[in-house]
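The structure appears right after this line, and notes come after that.
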(Lines give C-alpha, C1' and ligand atoms only; values in the text may rest on other atoms or scores of the structure.)
Protein backbone atom coordinates (compact mmCIF):
# COMPACT_ATOMS: atom_id res chain seq x y z
CA UNK A 1 0.00 0.00 0.00
CA UNK A 2 1.92 3.03 -1.28
CA UNK A 3 0.96 6.44 0.03
CA UNK A 4 2.02 10.07 0.24
CA UNK A 5 3.31 10.61 3.79
CA UNK A 6 4.12 14.02 5.25
CA UNK A 7 6.73 13.91 8.03
CA UNK A 8 7.00 16.93 10.34
CA UNK A 9 10.16 16.57 12.44
CA UNK A 10 12.66 19.30 13.40
CA UNK A 11 15.52 16.88 14.18
CA UNK A 12 17.27 16.31 10.80
CA UNK A 13 18.70 12.93 11.81
CA UNK A 14 15.34 11.63 13.04
CA UNK A 15 13.58 13.00 9.96
CA UNK A 16 16.06 11.32 7.63
CA UNK A 17 15.73 7.99 9.44
CA UNK A 18 11.92 8.09 9.19
CA UNK A 19 12.09 9.12 5.54
CA UNK A 20 14.39 6.22 4.63
CA UNK A 21 12.26 3.60 6.35
CA UNK A 22 9.03 4.88 4.83
CA UNK A 23 10.52 5.18 1.35
CA UNK A 24 11.78 1.61 1.72
CA UNK A 25 8.12 0.67 2.27
CA UNK A 26 7.31 2.27 -1.10
CA UNK A 27 5.81 5.52 0.17
CA UNK A 28 6.41 8.98 -1.26
CA UNK A 29 7.71 11.08 1.62
CA UNK A 30 7.93 14.84 2.11
CA UNK A 31 9.78 16.15 5.19
CA UNK A 32 9.26 19.56 6.79
CA UNK A 33 11.03 20.94 9.85
CA UNK A 34 8.43 23.00 11.70
CA UNK A 35 4.73 23.15 12.44
CA UNK A 36 3.98 26.14 10.22
CA UNK A 37 5.49 24.36 7.23
CA UNK A 38 3.50 21.22 8.12
CA UNK A 39 0.23 23.17 8.03
CA UNK A 40 1.10 24.85 4.74
CA UNK A 41 2.19 21.60 3.07
CA UNK A 42 -0.83 19.63 4.33
CA UNK A 43 -3.20 22.28 2.98
CA UNK A 44 -1.46 22.67 -0.38
CA UNK A 45 -1.01 18.96 -1.03
CA UNK A 46 -3.09 16.88 1.43
CA UNK A 47 -1.17 13.76 2.50
CA UNK A 48 -2.52 10.25 2.98
CA UNK A 49 -0.91 10.22 6.43
CA UNK A 50 0.95 12.66 8.68
CA UNK A 51 3.83 11.69 11.00
CA UNK A 52 3.96 14.57 13.45
CA UNK A 53 6.56 15.41 16.09
CA UNK A 54 5.11 17.17 19.14
CA UNK A 55 8.04 19.47 19.99
CA UNK A 56 8.60 21.69 16.95
CA UNK A 57 9.40 25.39 16.42
CA UNK A 58 6.92 28.05 15.26
CA UNK A 59 3.82 25.86 15.75
CA UNK A 60 4.04 22.76 17.96
CA UNK A 61 2.68 19.39 16.93
CA UNK A 62 -0.32 19.50 19.24
CA UNK A 63 -1.52 22.74 17.66
CA UNK A 64 -0.93 21.31 14.17
CA UNK A 65 -3.01 18.28 15.12
CA UNK A 66 -5.81 20.41 16.57
CA UNK A 67 -5.96 22.72 13.54
CA UNK A 68 -5.80 20.00 10.88
CA UNK A 69 -8.35 17.80 12.63
CA UNK A 70 -10.91 20.57 12.17
CA UNK A 71 -10.17 20.57 8.44
CA UNK A 72 -9.38 16.96 7.58
CA UNK A 73 -9.68 13.30 8.57
CA UNK A 74 -6.06 12.56 7.59
CA UNK A 75 -4.56 9.85 9.84
CA UNK A 76 -2.00 11.32 12.24
CA UNK A 77 0.77 9.48 14.06
CA UNK A 78 2.38 11.61 16.77
CA UNK A 79 6.00 11.30 17.95
CA UNK A 80 7.12 12.73 21.26
CA UNK A 81 9.78 12.64 23.92
CA UNK A 82 7.03 13.09 26.52
CA UNK A 83 5.93 9.79 28.01
CA UNK A 84 3.31 10.69 30.59
CA UNK A 85 -0.23 9.40 30.32
CA UNK A 86 -1.61 12.95 30.30
CA UNK A 87 0.48 13.82 27.23
CA UNK A 88 -0.77 10.71 25.46
CA UNK A 89 -4.41 11.39 26.24
CA UNK A 90 -4.11 15.04 25.22
CA UNK A 91 -2.77 14.04 21.80
CA UNK A 92 -5.55 11.50 21.28
CA UNK A 93 -8.18 13.94 22.49
CA UNK A 94 -7.00 16.49 19.92
CA UNK A 95 -7.54 13.92 17.17
CA UNK A 96 -4.31 11.92 16.80
CA UNK A 97 -4.82 8.31 15.73
CA UNK A 98 -1.68 6.81 17.23
CA UNK A 99 1.19 7.88 19.47
CA UNK A 100 4.81 6.76 19.78
CA UNK A 101 7.29 7.82 22.45
CA UNK A 102 10.95 8.46 21.67
CA UNK A 103 13.16 6.55 21.40
CA UNK A 104 11.16 4.31 19.08
CA UNK A 105 11.87 1.54 16.62
CA UNK A 106 11.74 2.77 12.99
CA UNK A 107 10.46 -0.67 12.00
CA UNK A 108 7.59 -0.35 14.47
CA UNK A 109 6.84 3.12 13.14
CA UNK A 110 6.64 1.74 9.59
CA UNK A 111 4.30 -0.99 10.85
CA UNK A 112 2.09 1.58 12.60
CA UNK A 113 1.93 3.58 9.35
CA UNK A 114 0.81 0.46 7.46
CA UNK A 115 -1.90 -0.19 10.03
CA UNK A 116 -3.25 3.36 9.92
CA UNK A 117 -3.29 3.37 6.13
CA UNK A 118 -5.21 0.09 6.05
CA UNK A 119 -7.82 1.52 8.40
CA UNK A 120 -8.18 4.72 6.42
CA UNK A 121 -8.35 2.87 3.07
CA UNK A 122 -10.74 -0.06 3.43
CA UNK A 123 -10.54 -2.47 0.46
CA UNK A 124 -13.07 -1.53 -2.21
CA UNK A 125 -13.18 -5.04 -3.66
CA UNK A 126 -15.12 -6.39 -0.70
CA UNK A 127 -18.88 -6.22 -1.02
CA UNK A 128 -20.13 -5.17 2.39
CA UNK A 129 -23.63 -3.79 2.93
CA UNK A 130 -22.49 -2.13 6.12
CA UNK A 131 -23.41 -2.63 9.75
CA UNK A 132 -26.78 -1.31 10.95
CA UNK A 133 -27.75 -1.02 14.60
CA UNK A 134 -31.02 0.85 14.88
CA UNK A 135 -30.48 4.29 13.35
CA UNK A 136 -26.70 3.92 13.42
CA UNK A 137 -25.01 2.77 10.20
CA UNK A 138 -21.30 1.86 10.03
CA UNK A 139 -20.03 1.23 6.48
CA UNK A 140 -16.52 -0.34 6.45
CA UNK A 141 -16.23 -0.11 2.64
CA UNK A 142 -17.01 3.59 2.33
CA UNK A 143 -15.49 4.30 5.76
CA UNK A 144 -18.64 6.18 6.69
CA UNK A 145 -20.73 6.50 9.83
CA UNK A 146 -24.29 7.77 9.80
CA UNK A 147 -26.43 8.47 12.85
CA UNK A 148 -30.10 9.31 12.21
CA UNK A 149 -29.18 9.66 8.50
CA UNK A 150 -26.59 12.36 9.27
CA UNK A 151 -23.04 11.73 8.04
CA UNK A 152 -20.57 11.67 10.98
CA UNK A 153 -16.89 12.52 10.51
CA UNK A 154 -14.71 10.02 12.41
CA UNK A 155 -10.96 9.70 12.68
CA UNK A 156 -9.50 6.31 11.67
CA UNK A 157 -9.01 5.41 15.34
CA UNK A 158 -12.60 6.30 16.25
CA UNK A 159 -13.90 4.39 13.25
CA UNK A 160 -11.86 1.28 14.15
CA UNK A 161 -13.29 1.25 17.67
CA UNK A 162 -16.87 1.81 16.48
CA UNK A 163 -16.62 -0.82 13.74
CA UNK A 164 -15.29 -3.38 16.23
CA UNK A 165 -18.30 -2.95 18.51
CA UNK A 166 -20.78 -2.63 15.62
CA UNK A 167 -19.80 -6.09 14.36
CA UNK A 168 -21.01 -7.56 17.68
CA UNK A 169 -23.71 -5.26 19.08
CA UNK A 170 -24.63 -6.06 22.65
CA UNK A 171 -21.25 -7.63 23.38
CA UNK A 172 -19.29 -6.04 26.22
CA UNK A 173 -15.68 -5.26 25.28
CA UNK A 174 -13.05 -4.60 27.91
CA UNK A 175 -10.72 -1.66 27.40
CA UNK A 176 -7.81 -4.02 26.80
CA UNK A 177 -9.76 -5.83 24.06
CA UNK A 178 -10.54 -2.55 22.34
CA UNK A 179 -6.94 -1.38 22.68
CA UNK A 180 -5.77 -4.41 20.73
CA UNK A 181 -8.04 -3.38 17.86
CA UNK A 182 -6.84 0.22 18.00
CA UNK A 183 -3.12 0.04 18.60
CA UNK A 184 -1.98 -3.44 19.47
CA UNK A 185 0.34 -3.89 22.43
CA UNK A 186 2.41 -0.85 23.37
CA UNK A 187 3.94 -0.10 26.74
CA UNK A 188 3.13 3.62 26.50
CA UNK A 189 -0.57 3.19 25.83
CA UNK A 190 -2.98 2.58 28.70
CA UNK A 191 -6.58 1.46 28.95
CA UNK A 192 -7.65 5.07 29.46
CA UNK A 193 -6.88 5.65 25.79
CA UNK A 194 -10.17 3.96 24.94
CA UNK A 195 -12.05 6.37 27.22
CA UNK A 196 -10.88 9.29 25.08
CA UNK A 197 -12.14 7.66 21.87
CA UNK A 198 -15.45 6.80 23.52
CA UNK A 199 -15.89 10.35 24.76
CA UNK A 200 -15.24 11.74 21.27
CA UNK A 201 -17.59 9.23 19.64
CA UNK A 202 -20.39 10.05 22.06
CA UNK A 203 -20.11 13.71 21.12
CA UNK A 204 -20.71 12.67 17.53
CA UNK A 205 -23.27 9.85 17.58
CA UNK A 206 -25.33 10.40 20.72
CA UNK A 207 -28.41 12.67 20.81
CA UNK A 208 -27.25 13.69 24.31
CA UNK A 209 -23.61 12.70 25.05
CA UNK A 210 -24.24 13.15 28.79
CA UNK A 211 -26.92 10.43 28.67
CA UNK A 212 -25.73 7.93 26.05
CA UNK A 213 -28.18 5.45 24.57
CA UNK A 214 -25.93 3.92 21.87
CA UNK A 215 -22.39 3.64 23.20
CA UNK A 216 -22.87 2.39 26.73
CA UNK A 217 -20.59 1.96 29.72
CA UNK A 218 -20.75 -1.37 31.53
CA UNK A 219 -19.30 -0.37 34.88
CA UNK A 220 -16.36 -2.40 36.04
CA UNK A 221 -16.03 -4.10 32.65
CA UNK A 222 -15.87 -1.81 29.61
CA UNK A 223 -18.14 -0.66 26.79
CA UNK A 224 -20.74 -2.01 24.43
CA UNK A 225 -22.83 -0.80 21.51
CA UNK A 226 -26.53 -1.13 22.25
CA UNK A 227 -28.06 -3.78 19.98
CA UNK A 228 -31.23 -1.82 19.17
- Selection status of residue 202, surrounded by fewer than 17 Cβ atoms within 10 Å (Cβ to Cβ), modelled with pLDDT of 85 or more and not assigned by TED's automatic domain parsing to the domain that holds residue 25: no
- Item | Matching residues in the range 32-62 - criterion: being outside any loop (DSSP other than H, G, I, E, B), crowded, with 20+ Cβ neighbours inside 10 Å and in contact with a strand residue (DSSP E or B) (Cβ under 7 Å, 6 or more places away or on another chain) | 35, 38, 42, 49, 50, 51, 52, 53, 61
- Item | Residues that are over 16 Å from residue 79 (Cα atoms) and touching a strand residue (DSSP E or B) at 6+ places or on another chain (Cβ under 6 Å), drawn from the range 4-31 | 4, 23, 27, 28, 29, 30
- Considering residues of the range 63-82 that are in a strand (DSSP E or B) and at pLDDT below 90 only, the residue nearest to residue 93 (Cα to Cα): 78
- Note on the structure: Over the range 132-161, the set of residues touching a strand residue (DSSP E or B) at 6+ places or on another chain (Cβ under 6 Å) and under 30 Å from residue 100 (Cβ atoms) is 138, 145, 152, 154
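The values are calculated or read from the model by the stated rules, or taken from the named source; none is laboratory data. The structure presented is a predicted model; accordingly, all values stated were derived computationally and were not measured. Cβ: placed from backbone, ideal geometry, glycine included. Neighbour counts: every protein chain shown.
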